[in-house]
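Okay, structure first, notes after.
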Amino acid sequence: MSDSYPMPKDWRCPLDPPAGFKRLRQEAPVSRIRVWDGSTPWLISGYAQALEALADPRLSMDFRLPGFPHISPASATRRDRLLPFPFRSDEEYRAQRAMILQEFSPRRMEALRPLIQRTVDETLDAMLAGPRPADLMVAFALPVASLVICELLGVPREDYERLHVISRTIGSRTEGREAVERALDEMDGYFQRMVDANKREPGDTLMGRVVAEQVLPGKLSEQDAVSMFQFLFFTGHGPSAYMFGMGAVALLLNPDQIGEFLAAKDPTQAVQELLRYVTVSQNARQRAATEDLTIGGHLIRAGEGVLVQLDSANRDETVFSDPDRLDVNRAPHRNLSLGHGIHLCMGRALALIELEVVFGTLFRRVPTLRLAVPVEDIPFKQDENLLGAHEVPVSW
Ligand code: HEM
């Protein structure tokens, strides 16, 4: 086996997954790959196999299982701490998930549409009133994603920038153990203060309700609430913000698709195509086998690690015709950008509304929006689990 993870990527085609995945998909969609600590988990690069793996309850996301594949030092550092609920044992995961699932129901998320629209409009007003070129990430994508999740959770708006900086260290592919520990400590301290404040006076927010209904009656420990809230902030702002930024880059690089997007009869379908094409979760979904199982004809033994590569599955040529083309009118399809199976993104209803409002508003209100530098000069982030850029300079 010669391949190692992460696969090298040609950053001249920033929105395309590493070319090596195409080769693997065609030759060996279930294969072994070497990761930073020398271990060799399975790598699943084909769509059908990814679907099978994500739906299989014998592949667990419990970080502490023997053989769990840690794809970076940051991932391994988290293993030794109190883990957020998706990475716990099945029993703990299901119990904590049930406490908040309703908070993210499509009906409740739809009720947030006016807040999302207002946040997008106000943020855009501020960007348009500022200097040109502007950085679409800092002036638009990050504030919109962060302010919406802050409102939902009950996190004070003015704290989002600091929390984002800490989140980047936690989500880094390259930061060492010490920096990650410090970032996790800071995040824990912050959300402990949020729990304390909600114990004194529970707010009418997700954090307030969880504290009042779960923590105070003793159904959820304070530490578990802290880890739940910091995870919800972490996962509720980063992927959305990066998707706003990278989705805008994808549309600006394919200008014929902007009009098609705005005219789409089914905006959700157009958003789904952007999600497929961009796939911001460029790090593999990590799982460990709790029993022997077979995927794509390969026997995976209990205790072996499995990596499921979503961006590769989303470009599988046996499922998507002309997969490297962005086509917002593509027939309805089921891409894997928001996951699949029991760990399917809990914030998916929110993410879909945000993306529809963000791109609809951005390109309707600013029809002259353009990249202010050639795409080769955009500083893409090469060291993070999410596909993003340090800066996306735009003008109009
Ligand atoms: C475009 C934006 C988003 C993308 C691309 C995205 C992607 C994903 C993916 C791929 C997973 C599955 C992880 C796995 O199977 O290993 C996931 C899970 C999750 N996402 Fe999202 N997400 C987005 C937005 C959000 C938002 C806004 C929230 C709100 C809090 C959120 C909360 C979660 C949670 C809580 C999980 C864990 C679910 C579980 O394990 O049961 N996500 N997301």
Looking only at the stretch 57-74, which residues are within 12 Å of the ligand (Cβ to nearest atom), over 20 Å from Ser312 (Cβ atoms) and either free of Cβ contacts under 8 Å to residues at least 12 places away in the same chain or not in a loop (DSSP other than H, G, I, E, B) (or both)?
-> Ser60
Test result for Leu54, surrounded by 18 or more Cβ atoms within 10 Å (Cβ to Cβ), part of a loop (DSSP other than H, G, I, E, B) and within 19 Å of the chain's Cα centre (by Cα) = no
Tell me, yes or no, whether the stretch 83-94 has at least one residue that is touching a residue at least 60 places away in the same chain (Cβ under 8 Å) and open to solvent by 30 Å² or more (accessible area, probe 1.4 Å).
-> no
Taking the stretch 206-230 on its own, how many of its residues are among the aromatic types (Phe, Trp, Tyr) and at pLDDT below 95?
-> 0
If you check every pair at least six apart or on different chains, which have Cβ atoms under 9 Å apart with a residue in the stretch 375-396 that is more than 16 Å from Met243 (Cα to Cα) and of a type in the set (S, T, N, Q) first and a residue that is open to solvent by 50 Å² or more (accessible area, probe 1.4 Å) and at pLDDT 95 or above second?
-> Ser395/Arg132; Ser395/Pro133; Ser395/Thr368; Ser395/Arg370
Residues located in the stretch 317-337, provided they are buried (at least 18 other Cβ atoms within 10 Å of the Cβ) and touching a helix residue (DSSP H, G or I) at 6+ places or on another chain (Cβ under 6 Å) | Leu326, Val328, Arg330, Asn335, Leu336, Ser337
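Matching residues to (1) touching a Cys at 6+ places or on another chain (Cβ under 9 Å); (2) away from the ligand (no atom under 16 Å from the Cβ):
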{"site": "Asn335", "(1), (2)": "no, no"}
{"site": "Leu338", "(1), (2)": "yes, no"}
{"site": "His343", "(1), (2)": "no, no"}
{"site": "Pro367", "(1), (2)": "no, yes"}
Residue within the stretch 293-307 that is farther than 26 Å from Phe68 by Cβ and more than 8 Å from the ligand (Cβ to nearest atom) present | no
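The values are calculated or read from the model by the stated rules, or taken from the named source; none is laboratory data. For clarity, every value in this text was computed on a predicted model and none was experimentally measured. Cβ atoms come from the backbone with ideal geometry, glycine included; neighbour counts cover every protein chain shown. For the accessible areas, the whole protein counts, side chains as well, though only heavy atoms, and no ligand, DNA or RNA atoms are used. Shrake-Rupley method; radii C 1.70, N 1.55, O 1.52, S 1.80 Å.
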